[in-house]
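What follows is a set of notes on a single structure, which appears directly below.
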Amino acid sequence: MVPKPSFSTAMSKLPISALPIPAPKRLLIHNLTPDTWTPNPVHFRTKVLATSPSLQRRARLLSPPCHFSYVTPFPIPFPYDIEPPSPTDHLENAADKNAYIEQWLSKREATIVQPPLPRFPNSSLRKYYGQHRDQPAELVGLSETGLRDCVPQLDVGDAFAVLGAPSLSGEFGDEGDGQPSDIPEAIEARNDLVDVLSGHATLMTPPEVEAESAFAPWSMRYSGHQFGSWAGQLGDGRAITVLVTPSPSNPNETMELQLKGSGRTPFSRSADGLAVLRSSIREYLCSEAMQALGIPTTRSLSLVSLPALPVAREKIETAAILTRMAPSFIRIGNFEAFNGPTNMFFFGGGQQNPDYDGLRILGEWVVKEVLKLPVEEGKPWGAELVYDVARRNANMVAGWQAYGFMHGVINTDNVSILGLTIDYGPFAFMDVFDAQHICNHTDEGGRYAYKYQPSNIIYALRALLNALAPLVGAEKESGKAVTEGWAKGASEDKIKEWTALGLEIAGEVERIAQQTTADEYSRLLRKRLGLHRPESSDERTLFKPLLNLMESHRLDFHSTFRILSSFKAAWIPTSESGTTSPELDALISRILSVTPEPERLDTETAKKEFLGWLKAYAERIQGEHADAAALSWDPDFSKAEEQRFTEMRAANPRFILRQWVLEDVIKRVERDHDSGKRVLAKVMQMACNPFEPWGAEDEDTPEGELSAEEKAERDYCGLGERKMLGFQCSCSS
């Protein structure tokens with residue numbers, strides 16, 4: 001049996017190898033169906049890793065009933081540089097040569113168990129190492145907010161002290177440099193963390209733990225539609241879940257820790273399973289930036305550089321491993337894997353025949369343990385699952401639209417069941433507002449352009465319903481939840497009949513998604529404009545006209561909202577004289593200054609059009625104040641104006657992770673890790689506190705009198721060079 005931590009131990013801070021794991025009933029691996037070649041953690045550890053590890057390092061299709069495969073981190077160069085045997089090895093036939101390869105791999109697999117840390121002899125897990133894997137690993141980033149929100153019980157030792165003081169301007173100075181602690185326990189906890197999160201050590205249960213309670217890392221099988229075309233089996237080709245740990249405040253809630261870029265898995269197809277430092281920095285920062293903006297997202301914990309591990313992309317780069325966190329990483333593609341188009345072959349893969357019991361098992365797990373839907377035992381759940389996923393993803397995409405976030409690759413395998421933003425690739429935040437903007441330069445047709453993101457979420461929801469349709473139809477017909485073997489023996493015609501019955505809810509799914517997106521988008525735009533009362537005319541009279549002004553005059557999206565925080569309705573002239581106040585003129589001039597191309601601006605037309613919009617906005621503000629008590633406004637209008645200013649400042653970011661900022665941070669970290677990680681820490685700090693007045697925003701201090709740090713902050717809050725506006729990234733990572 002797995003040792004159970006005491007209550008006091010579970011509530012105290014623990015090194016990563018001493019964290020508890022959930023009971024088997026709360027673990028995905030003991031409730032879904034494992035790969036037939038890795039039937040349980042004990043067999044995987046003692047047989048596969050020891051004698052046939054190539055099973056997990058070569059691309060293959062899992063058997064139709066299987067949801068996942070056990071696999072350990074393996075961050076080494078690919079193709080593997082296996083030294084040829086010497087003549088004295090006498091490898092005379094194919095079997096001998098195969099055995100030689102398996103032995104070479106096995107020596108690098110995590111097969112050697114270490115005792116627990118002396119302070120925690122009863123830990124549930126042990127660290128396992130390989131014989132011939134010893135490469136440098138350097139912690140370059142650790143998310144304070146991710147740690148606080150997701151694994152507050154994790155002891156990271158002196159990790160933050162080693163990273164140094166966050167700084168944009170003094171990164172090369174001695175003051176603030178990282179300094180390790182002289183406390184042995186702090187050093188031990190940090191080394192433990194880096195060992196595991198670099199993929200160097202693997203956490204598994206001790207050898208004596210029996211299979212039904214054992215733990216080992218895994219990768220998930222999923223399929224999906226990519227750019228609208230069916231792609232067959234995809235799966236976690238470079239992501240491995242290395243730990244699941246219960247919340248210290250609620251044992252029914254768990255957090256999954258996943259290493260991204262940790263080496264090949266059975267789902268890697270022809271890829272190397274690795275990730276470059278460049279793309280890892282982008283996801284590390286953006287996950288926490290999205291959380292700070294209130295947009296549902298997976299979270300970041302750490303970023304570890306592997307400077308000696310080369311990765312071939314457009315050029316040779318160095319590797320990194322990102323640790324990301326979520327209650328679950330299950331996607332719409334996980335459901336498509338069990339009922340998708342068949343008889344199709346793809347380079348490096350294909351698609352299995354449908355497995356309707358696998359579909360049921362996955363759905364039951366998701367309903368009960370992931371979405372936690374209040375469905376009565378034995379009652380239909382299929383339709384409720386789809387409705388809930390629709391609501392969650394609609395709320396998510398509304399956040400994207402309201403804050404100008406563009407994902408870039410909304411394939412169905414990149415859409416989370418929990419409605420979390422996941423798989424940050426060629427993402428971008430809006431600069432100059434352009435509803436047609438495409439952030440991914442490989443998206444030549446503009447499928448995932450900003451304005452089409454809500455439609456692509458609906459496309460993904462249709463894919464989810466298509467996969468679940470026969471199950472939804474069978475439940476609709478019987479009025480009960482499907483049970484084991486529910487489709488066994490059913491004719492092809494019966495499956496089609498159930499599917500047609502299930503698809504009858506398609507209209508309701510789309511209605512839920514569209515209405516939820518519209519409602520949440522309106523709520524967020526009202527919040528950004530400091531309004532409390534929903535009005536059906538807002539989209540027509542305020543939101544759309546404002547965006548049109550930004551687009552037609554090429555104004556920066558976020559800067560415009562931030563400047564509007566300072567607007568006061570009292571500045572609008574009450575007479576028809578046309579005379580405007582100096583304050584109003586100054587505000588409009590500030591708004592019109594946030595264009596990267598002032599030479600193209602028709603200033604007089606822009607001023608006239610903005611004044612018209614501001615008049616409508618002022619009327620809306622004054623209309624709300626007429627009902628101040630009911631809408632929680634201060635009854636004194638001047639004080640209500642200050643209240644609105646404060647609320648808008650807390651909804652409109654001063655700092656945004658613009659493409660030029662990301663490129664600059666990447667350049668500085670790649671150039672020198674020691675100084676770069678202090679810059680990375682400061683940008684993470686700014687991203688996690690985007691509404692703060694960075695760069696002495698509210699002070700009249702002349703530029704020349706700002707401190708070096710304030711000036712650097714102010715620069716990072718700006719638009720950057722014109723050539724970087726609208727910069728497109730690729731999917732290469």
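The values are calculated or read from the model by the stated rules, or taken from the named source; none is laboratory data. Quantities reported herein were computed from a predicted structural model and do not represent experimental measurements. So basically every Cβ, Gly included, is an ideal-geometry build from the backbone, and we count neighbours across all protein chains shown.
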Residue count, segment 119-157 (criterion: under 23 Å from the mean Cα position of the chain (by Cα) and not in a loop (DSSP other than H, G, I, E, B)): 13
Yes/no for residue 387 being over 22 Å from residue 596 (Cα atoms), of a type in the set (Phe, Trp, Tyr) and modelled with pLDDT of 95 or more: yes
Filter result for residue 182 (in the same structural domain as residue 319 (by TED's automatic domain parsing), under 22 Å from residue 14 (Cβ atoms), charged (D, E, K, R) and within 25 Å of the chain's Cα centre (by Cα)): no
Residues of segment 626-641 satisfying the condition of being more than 39 Å from the chain's Cα centre (by Cα), surrounded by 11 or more Cβ atoms within 10 Å (Cβ to Cβ) and touching a residue at least 40 places away in the same chain (Cβ under 8 Å): 627, 637
Scope segment 217-250; condition touching an Asp or Glu at 6+ places or on another chain (Cβ under 7 Å) and free of Cβ contacts under 8 Å to residues at least 12 places away in the same chain; matching residues: 247
Selection status of residue 706, out of contact with any Ser or Thr (no Cβ under 7 Å at 6 or more places or on another chain), of a type outside the set (Ser, Thr, Tyr), at pLDDT 90 or above and over 26 Å from residue 433 (Cα atoms): yes
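To keep it simple, each residue is scored yes or no on (1) within 15 Å of residue 297 (Cα to Cα); (2) among the small types (Gly, Ala, Ser).
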residue	(1), (2)
378	no, yes
396	yes, no
401	yes, no
420	yes, no
432	no, no
Within segment 13-68, tally of residues that are under 28 Å from residue 246 (Cα atoms), hydrophobic (A, V, I, L, M, F, W, C) and part of a loop (DSSP other than H, G, I, E, B): 6
Close pairs (7 angstrom Cβ cut-off, 6 or more residues apart or separate chains): in a strand (DSSP E or B) in segment 187-204, polar (S, T, N, Q) anywhere: 202/72; 203/17
Filtered residues of segment 423-470 (kept if among the β-branched types (Val, Ile, Thr), buried (at least 22 other Cβ atoms within 10 Å of the Cβ) and assigned to a loop (DSSP other than H, G, I, E, B)): 438
So residue 475, is it surrounded by 16 or more Cβ atoms within 10 Å (Cβ to Cβ), more than 23 Å from residue 436 (Cβ to Cβ) and either in the same structural domain as residue 602 (by TED's automatic domain parsing) or not small (Gly, Ala, Ser) (or both): yes
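Does residue 160 qualify as being under 19 Å from residue 138 (Cα atoms), of a type in the set (Phe, Trp, Tyr) and in a loop (DSSP other than H, G, I, E, B)?
no
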Qualifying positions in segment 371-387 - assigned to a helix (DSSP H, G or I) and surrounded by fewer than 22 Cβ atoms within 10 Å (Cβ to Cβ): 383, 384, 387
Qualifying residue in segment 135-147 (condition: assigned by TED's automatic domain parsing to the domain that holds residue 253, at pLDDT below 95 and farther than 24 Å from residue 679 by Cα): yes
